[in-house]
Ligand SMILES: [Zn+2]
Ligand SMILES: [Zn+2]
Ligand SMILES: [Zn+2]
């Protein structure tokens, strides 16, 4: 057994991290993607729960990078020297990090538990006997130690618990409003956000109301857009909104349904004043 935590980081020292416990499993991946990304013949990646990796230095930049699955991966790189320290794959999501073992101060501590994608292994690489090797991928239950399988189950349970927050917007209507909520301290932030949205997207930007309008329990500004713009606008809003909460609702002509069953949230959910409906106030406040 090795002593944990283990520390690691990039070349220039700006990004430093601490792996608090042993990883779930260590892959030595011989796929062509890992060969390209490392410039070498394989990549050594230690899979571990994200909350068991403590960031000590600068926040890494997250670089969207293609992946073999087509779903993409996010590679965390030092903002200065650009060395990659870990990545997240869409399959496992942001809660599992694939730490690049070569960035540990003592990388010798983590030899591979398994060789994967050996079908594309470079022919001069000779695998040691005694370590499992598979031509592509494998069934976790056959190879992971029981403790790692249990840790994975616990992680999935935590993710499921987090998923029961406010309903997230989905693109299932023809047209939408996004109402950006703010208060006296955040009105300038909101004003700047909706002005940028107006410049970047095909969107109608309403007035910045420094008062309560319609069913909205906070000061608000309405953005109106169609299904064609939904994906771009909603993901941009979610990235740029900071602490501002945004109500996103479909427009079907039924005001009450639009503000209940057709409503979803970026950030926190706010209770709406539904007593206004029947008089059709919302949707005419632009
Ligand atoms: Zn660096
Ligand atoms: Zn690979
Ligand atoms: Zn609305």
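Every number in this text was worked out from the coordinates using simple rules, so none of it is lab data. If you're wondering where the values come from, they're calculated on a predicted model, not measured in any experiment. Backbone-built Cβ (ideal geometry, glycine too); neighbour counts: all protein chains shown.
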Hey, what did the stretch 175-276 get for relative contact order, percent, Cα under 8 Å, at least 6 apart? 34 percent
Looks like the stretch 6-162, by Cα gyration tensor root eigenvalues a ≥ b ≥ c and the a/c under 1.5 rounded cutoff (else prolate when a/b is bigger than b/c, oblate otherwise), is rounded
When all Cα-Cα pair distances of the chain are considered, the percent exceeding 32 Å is 43 percent
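Please report 121, 71 as a ranked list, fewest other C-beta atoms within 10 angstrom at the top and most at the bottom. Before the final figure, lay out each step's value.
Working: 121 21, 71 10.
Neighbour counts put them in this order, fewest first: 71, 121.
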Just want the ordering: 115, 216, 179, from fewest to most Cβ atoms lying within 10 Å of their own Cβ. 115, 216, 179
Do you know the relative contact order of the chain, to the nearest whole percent, from alpha carbon pairs under 8 angstrom that are 6+ apart? 14 percent
If you build the convex hull over the alpha carbons only and average its shadow over all orientations, what do you get for the stretch 128-286? Give it in nm² to one decimal. 14.0 nm²
Expressed as a rounded percentage, what relative contact order does the stretch 6-162 have, with Cα pairs under 8 Å and six or more residues apart? 25 percent
Rounded to the nearest 500, what is the 222 nm mean residue ellipticity of the chain from helices alone, with -39500 (n - 2.57) per DSSP H run of 4+ residues and division by all residues? -6000 deg cm²/dmol
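Kindly put 83, 62 in sequence by how many other C-beta atoms sit within 10 Å of each C-beta, fewest to most.
Ascending Cβ contact count within 10 Å gives the list 62, 83.
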In degrees from 0 to 90, rounded to the nearest 10, what is the angle of the helix 146-162 Cα long axis to the longest principal axis of the chain? 10 degrees
